[in-house]
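Some notes on the structure that comes next.
The values are calculated or read from the model by the stated rules, or taken from the named source; none is laboratory data. Note that this is a predicted model, so its numbers are computed, not measured. Note: ideal-geometry Cβ built from the backbone for every residue, glycine included; neighbour counts use all protein chains shown. These accessible areas exclude ligands, DNA and RNA; they are computed on the full protein's heavy atoms, side chains included. Shrake-Rupley method; radii C 1.70, N 1.55, O 1.52, S 1.80 Å.
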Amino acid sequence: MPTLNLFTNVPVDSVVTSDFLKDASKAVAKIIGKPESYVMIVLNGAVPVTFAGTEEPAAYGELISIGGLGPSVNGKLSSAIAEILQTKFSIDSSRVYIKFYDVEKHDSSAPSCVSWTADRLHCYRWKPNQNMITICLLDVGSTLLSPSGTEKNQDSTRRAVKLCLKSQM
């Protein structure tokens with residue numbers, strides 16, 4: 001599932017946000033070549049951001065996809081997303097930074113960590129025989145939330161990460 005997670009220091013309203021989400025979803029699906037029904041777009045507005053030493057309108061994003069990414073596609077995606085951000089939120093394209101993660105589809109049973117935020121670890125395991133991904137969200141140092149919905153308190157981040165990965169086996 002291609003997922004675009006964007007953060008901007010621009011306050012966003014629901015009408016413009018809805019238009020942005022629709023346009024970005026269509027662009028990501030078209031450029032990557034995957035059905036739009038697989039695409040997820042997350043927009044986080046009014047987030048404190050400084051870029052190039054100023055707090056002028058800016059955006060940071062991460063796009064994760066199982067396949068479909070590469071230098072040519074990433075360039076097209078960057079341009080398309082920057083254009084939509086400019087049109088909808090008046091963010092200059094020179095103030096948009098997007099990281100791309102091409103997660104290869106594989107038959108490995110070893111779980112992998114997809115992303116890490118200040119307080120949450122996102123892990124995944126590809127299950128090719130079921131054509132799906134299981135996801136484990138970990139609130140670091142506190143609670144493990146597994147795909148089955150169970151919760152377990154953890155004493156340390158290391159132990160919690162091991163349990164997070166083990167819960168997907």
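With respect to (1) over 18 Å from the mean Cα position of the chain (by Cα); (2) at pLDDT 95 or above, the lone exception for residue 15 is condition (2). If you go through segment 6-36 and keep only what is of a type in the set (A, V, I, L, M, F, W, C), without any contact (Cβ under 8 Å) to a residue 24 or more places away in the chain and within 29 Å of residue 52 (Cβ to Cβ), you end up with just 21. Taking the criterion of being among the polar types (S, T, N, Q) and not in a loop (DSSP other than H, G, I, E, B), the residues of segment 54-90 that qualify are 54, 65, 72, 74, 78, 79, 86, 87.
Taking the condition of being surrounded by fewer than 18 Cβ atoms within 10 Å (Cβ to Cβ), part of a strand (DSSP E or B) and in contact with a Ser or Thr (Cβ under 6 Å, 6 or more places away or on another chain), how many residues in segment 30-42 meet it? Within segment 30-42, residues that are surrounded by fewer than 18 Cβ atoms within 10 Å (Cβ to Cβ), part of a strand (DSSP E or B) and in contact with a Ser or Thr (Cβ under 6 Å, 6 or more places away or on another chain) number 1.
I'm trying to understand the selection: among the residues of segment 43-67, which are surrounded by 13 or more Cβ atoms within 10 Å (Cβ to Cβ) and within 17 Å of residue 11 (Cβ to Cβ)? 43, 44, 45, 47, 49, 51, 56, 57, 58, 59, 60, listed by residue number.
On inspection, residue 12 qualifies as among the β-branched types (Val, Ile, Thr), open to solvent by 30 Å² or more (accessible area, probe 1.4 Å) and in a loop (DSSP other than H, G, I, E, B).
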